[in-house]
Structures are given as structure tokens and as C-alpha cells.
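This report concerns only the one structure given below.
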Amino acid sequence: MFLPGAGLTAQQVPDTLFQPVVSAPAFGSARGPRIGIDEAHHNFHTAIGRYRPFARLAEQDGYRVVRMTGALTVERLAMIDVLVIANPLNAVNGGGKWSLPTPSAYTPDEVQAVHAFVERGGALLLIADHMPFAGAAEAMGASFGAHFINGFSQTSDAVSIFTLRRGETLLPHAITDGRTPSERIDSLVVFTGSAFSVGGSGASVLRLPAHTRVLQPTTAWEFLPSTPSVAGDGLLFGAALSVGEGRVFLAGEAAMFSAQRSGPKGEGLMGFNRPSAAQNAQFVLNVLHWLTRVL
């Protein structure tokens, strides 16, 4: 997600004019797996808000999208096939209070329920953007062996929109290869974001470019000469994991999965509506296909 200042948060809106087109849907209309988008944890991205384009794209592919408006329990999770968590927050960081501390958005019981859901064959798309979202998702990510860094990824010259290309930063995987040549991903645009590492059997899919650092301010978008940072070497924007009978895709940035506008007049395009991000929408579909074993 690219925001030049926290004051522009309210101006970041879904691009309702952008209409995704899926030429060869994976499923018949409303006959695909059920995708539940979490909206119960002060999520910055929801199915009726900034992830409306994501929901529309999934529906064009035949998925059935529902809103998850309550606590994540075993019973509620049993009603869906894929859980999508995008930029959750703890209540203390709601309303734009994007300063440390950033406690978990989820209770231990919810983390346990989601982990059990995946182990039994469910799928999870966990997206944790720049601070404070990475901090709020840390406990959920940690249950799958991931460590989200609660910061902002930037190059040495303060560039925070990254174009990942096949090879060093966009790695070979079923998700990037697709089912056919037309589904192959050779370029992907990422808009700021955090970064993470993952252990165990996780497969790296999206890697931070060389010379990237992850800045860790105490308040979002307030960078000082004394702001601590860590090198981005070896850190990730995307990874795919198999957990028990299920699958997890971890992402360190949210806008690449949607289509948004920002700025006073909505002139800033962020996501798969951006001309330079022509393959982002196919990447989103490939992630969903991998999670639901189409790939």
C-alpha cells in the first residue's frame, strides 16, 4: 500500500470504475470455493471497501465471496474454504492511531482456530502491510513460522514502489508459472509494504530487491535520522506454505491484490488498475488457484 502520508489514508479508496475481466474462469458462476474476507478486526481492507476490486475479481473467476464479520471460530471457519486476512488492527490502533505499540489483532483462541482450519485442509491468504499492520498480524503469522517486520520497505533512495521481475525478486513457483503461458507472471508491482521471513518448508515467491531496507518508526510515516532499520537481504514480500492438509500464502503488501485510487482527486492508481501493473490481477488469480489446488 503506498501512502505518502498518514493524512491521506481517508483518500485511499477502491477504484470502482475498474472492472476486472476474467476471460477463462476457473469455475462456473458462483460455483467455486467459498472465500471469507475478514472484516471483524478493524481491517483496513474489506470486501465492501478497499478490497471490493479483489472480491469482484474473485467472483469473476467463479469464487463465492462472503464477509467474515465475527470472531474467527472453528464453527465460522468451517463455512468457508479460503480465509483472507488483509491488514487487521487491534482496537488500540484503530481510527488512525498508527503508533507503537501495535498489539495482536487476534486472540490466542482465534490464532489457534485459524491454524486448525488450515491443518484440516483450509487455505489462508494472510496479508500484512507496513507498520502498524505487520505488528497486528505478527501473532497470526508466527503460528505458521513467519516473522513480520513492523516497518516500511524502501530502497536506499527512498523509493517504495517496487517492480519485481522474474529471476532475482520474482521466483519460479506454480503461482508465478501459472497453468498456461498466458498465466505466467514475469512482472509484479508492489506498493511499499512490510517484509517478513519464514522458516520450515515455506517456498519463497516474492523477494525484496537488493539494497532495500525496512524502516521501523514508532509512528507510521514519521521517519527520522534516528529511525532504526534492518537490511532487506533475504526478506520476502510473498511466500507459499503447506501446513498439514492445507495451504497458506503470506504477503507483505496489500494494494497489489486490489485496485485503489489515492490523492485529493483520486488520480493515484495503486494495484492492478495501474498500467505498469498489468500482470497483478493474474497474480491474484494464481494465488487463489494455488490455495484452492487449481494449480
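The values are calculated or read from the model by the stated rules, or taken from the named source; none is laboratory data. Note that this is a predicted model, so its numbers are computed, not measured. Counting neighbours? That spans all protein chains shown, and the Cβs are built from the backbone with ideal geometry, glycine included. Remember, those area values only see protein heavy atoms, side chains included, never the ligands or the DNA or RNA. Shrake-Rupley method; radii C 1.70, N 1.55, O 1.52, S 1.80 Å.
Roughly what % of DSSP beta bridges within the chain run antiparallel, to the nearest 5? Mind dumping the intermediate values first?
On the way: 35 of 54 bridges.
Of those bridges, close to 65 percent are antiparallel.
Keeping the other protein chains in place, figure out the carbon and sulfur percent of the accessible area of the chain, with a 1.4 Å probe.
For the chain, the apolar C and S fraction of the accessible surface comes to 54 percent.
Computed 3J(HN,Hα) for segment 236-245, one whole-Hz value per residue from the Karplus formula 6.51 cos²θ - 1.76 cosθ + 1.60 where θ = phi - 60°, is 10, 9, x, 8, 10, 10, 9, 10, x, 8, glycine and proline marked x.
A 1.4 Å probe, protein heavy atoms only, puts the accessible area of Leu72 near 0 Å².
Given segment 138-295, what percent of its DSSP beta bridges are antiparallel, to the nearest 5? If you can, show how the numbers build up before the last one.
Details: 32 of 33 bridges.
Restricted to segment 138-295, the bridges split so that about 95 percent are antiparallel.
The 3J(HN,Hα) values that the Karplus relation (6.51, -1.76, 1.60; θ = phi - 60°) gives for segment 65-81 are, in residue order, 9, 10, 9, 9, 10, x, 4, 7, 10, 4, 5, 5, 5, 5, 8, 10, 10 Hz. Gly and Pro appear as x. Sum up the charges of everything whose Cβ sits under 11 Å from the Cβ of Leu235, counting Lys and Arg as +1 and Asp and Glu as -1, but leave Leu235 out. Here the count lands on +1.
Quick one: grab the alpha carbon gyration tensor of segment 229-269, order the square roots of its eigenvalues as a ≥ b ≥ c, and give me rounded if a/c is under 1.5, else prolate or oblate depending on whether a/b is larger than b/c. Spell out each step's value before the answer.
Values: a/c = 5.36, a/b = 1.67, b/c = 3.21.
Oblate.
Of Pro209, Pro108, Pro88, the residue with the greatest mean-square motion in the GNM of the chain, using alpha carbon springs below 10 Å, is Pro108. In this structure Phe148 has an accessible area near 10 Å², from a 1.4 Å probe over the protein heavy atoms.
Largest GNM mean-square fluctuation among Pro225, Pro101, Pro181, using the chain with Cα springs under 10 Å: Pro225.
All Cα-Cα distances of segment 83-225, cut into 5 Å bins from zero to the largest, leave 2, 9, 16, 20, 19, 16, 11, 5, 1, 0 percent in each bin in turn. Calculated mean residue ellipticity at 222 nm for the chain: -5000 deg cm²/dmol, from DSSP H runs with n ≥ 4 weighted as -39500 (n - 2.57), summed, divided by the residue count and rounded to 500. For the chain, modelled as a GNM with alpha-carbon contacts under 10 angstrom, which of Ala210, Ala254, Ala139 fluctuates the most? It is Ala210.
Rolling a 1.4 Å sphere over the protein heavy atoms, what is the accessible area per residue of the chain, to the nearest Å²?
Working: 11570 Å² over 295 residues.
Counting only protein heavy atoms, the per-residue value for the chain is 39 Å².
Could you tell me whether the chain comes out rounded, prolate or oblate from its Cα gyration tensor? Rule is a ≥ b ≥ c as square roots of the eigenvalues, rounded for a/c under 1.5, then prolate if a/b exceeds b/c, otherwise oblate. Rounded, because the longest to shortest axis ratio a/c is under 1.5.
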